[in-house]
DNA sequence: TTTATTTATGTATTTAACTACGTAGTTTTG
DNA sequence: CAAAACTACGTAGTTAAATACATAAATAAA
């Protein structure tokens, strides 16, 4: 499939999605191999709460980099699993403060060694002649500085001259 | 957001998805700047048919690397846009043969210069100290050779020893 | 101190992919 | 050549994210 060599925009994005989906599925299976019932998608919330203890919905959303509706649906799942609980903020009644349950904290302790293995393996997969994580960082930074669209429009106008 | 440094599995996949979504949206806007009404997601099908001329549904799915149901829905959109048309294969009545319409072919000619610009910009964004495309290739190859799960399970069993 | 604006949360809908399943032709095999 | 297996296509339903919209509480401004 050399579509990418010929034009790219779509190809790169679908390949990135594939790669990520594969990693996600394998991640779930790997947890299972430890007898742990944990979905990779829950990780960012759990991990954030592990370090920050108590946060509101929007604060979590910002931490994990998702929109708040997406975050809410994750929180619902985690609440169903009894890994987190929430209570109203007494100072600001609009806020729902989220924190880990005891069960959630215990689970984290169980998962820590699993995360270590995952981290190593992921590092190994990403570490090649061209390091994937660094490549992503570098590409993200370039786009942050000037978006794909801005760059394309600029090149277009230069060519017209 | 240093989640990735601490554990990774989810973080890498969501970041990849973000990056790809951004590129996709900007791609659509860039087409629009040329007055072309074309969605980046249509590209693989159109591009494939540009080179192969006539293909069945499943053949296209294989070429673009999507499942056939996904491909069918793309084909429906493209048929609605009158960019492709289809006819039954007279030899194998199960098959639907797809090809570009005249309108589709004209559109491709209009898009070619746009693709050139996109290719350059994408190349520029991806080409850093660590080349993103090559990094993706290398990571994909590693996984192809031995999956994330296999690697993780192996490391796990080594550590138990 | 009303009124307007902003912030926090939640719901509904959309999108783009997937898997699972069903049906109808085609090919292989006993 | 009839039965079994396979292939091609299509539909239905699921998932994980997003947007868009709605409401309520808090804050700022007139």
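Here, each number is a calculation from the coordinates, and none is a lab measurement. In this text, all values refer to a predicted model and were calculated from it rather than measured experimentally. Here Cβ is always computed from backbone atoms with ideal geometry, including for glycine, and neighbour counts include all displayed protein chains.
At 7 angstrom along the Cα-to-beta-carbon line, where would the label on residue B:144 sit relative to the other copies? Give the distances in nm, shortest first.
Between copies, matching label points for residue B:144 lie 3.2 nm apart.
In a Debye calculation with equal point scatterers on the alpha-carbon sites of the protein assembly as shown and no solvent, what is log10 I(q)/I(0) at q = 0.10 Å⁻¹?
Results for the protein assembly as shown at q = 0.10 Å⁻¹ read -0.71.
Where does the Debye-calculated log10 I(q)/I(0) of segment A:3-110 sit at q = 0.13, 0.20, 0.23 Å⁻¹, using only Cα point scatterers of equal weight, no solvent?
Values, matching the q order: -0.58, -1.04, -1.25.
From other protein chains only, count the Cβ atoms within 10 Å of every residue's Cβ in A:40-47, then give the mean.
Values: counts 3, 3, 1, 7, 6, 1, 0, 5.
Across the residues of A:40-47, the mean count of other-chain Cβ atoms within 10 Å is 3.
For a quick check: sort A:67, B:101 by the number of other beta carbons within 10 angstrom, fewest at the front. Walk me through the numbers on the way to the answer.
Details: A:67 9, B:101 15.
Neighbour counts put them in this order, fewest first: A:67, B:101.
At 222 nm, what value in deg cm²/dmol follows for chain B if DSSP H runs of at least 4 each add -39500 (n - 2.57) and the sum is divided by all its residues, to the nearest 500?
Value at 222 nm, helices only: -22500 deg cm²/dmol.
Report, as an integer, the average count of C-beta atoms from other chains found within 10 Å of each Cβ along A:23-36.
Working: counts 11, 6, 3, 9, 7, 2, 5, 7, 2, 1, 5, 1, 0, 0.
Mean inter-chain Cβ contacts per residue within 10 Å come to 4.
Please check: in the Gaussian network model of chain B (C-alpha springs, under 10 Å), which one of B:133, B:78, B:49 has the largest mean-square fluctuation.
Fluctuation is largest for B:133.
What nm distances, shortest first, do you get from the label point of residue B:124 to those in the other copies when the point sits 7 angstrom along Cα to Cβ?
Between copies, matching label points for residue B:124 lie 3.9 nm apart.
How do A:18, A:94 rank when sorted from fewest to most other Cβ atoms within 10 Å of their own Cβ?
Ascending number of Cβ neighbours within 10 Å: A:94, A:18.
How much length, in nm to one decimal, is gained on full extension between residue B:155 and residue B:79, taken as 0.36 nm per residue of separation minus their Cα-Cα distance?
On the way: separation 76, 0.36 × 76 = 27.36 nm, distance 4.96 nm.
Between residue B:155 and residue B:79, full extension yields 22.4 nm more.
How high is the FRET efficiency between residue B:105 and residue B:127 when r is their beta carbon distance and R₀ equals 45 Å, given to the nearest 0.05?
On the way: r = 32 Å, r/R0 = 0.71.
So the FRET efficiency works out to roughly 0.90.
May I ask you to report, in nm to one decimal and beginning with the shortest, the distances from residue A:22 to the same position in the other copies, taking label points 7 Å along Cα-to-Cβ?
2.4
Rounded to the nearest Å, what's the spacing between the alpha carbon centres of segment B:87-161 and segment A:86-103? Just the number, please.
Taking the Cα centre of segment A:86-103 as reference, the centre of segment B:87-161 is 44 Å away.
For peptide B:109-121, what's the mean number of Cβ atoms from other chains within 10 Å of each residue's Cβ? It would help to have the intermediate numbers written out before the result.
On the way: counts 0, 0, 1, 1, 2, 4, 4, 3, 8, 9, 6, 5, 13.
Mean shielding count: 4.
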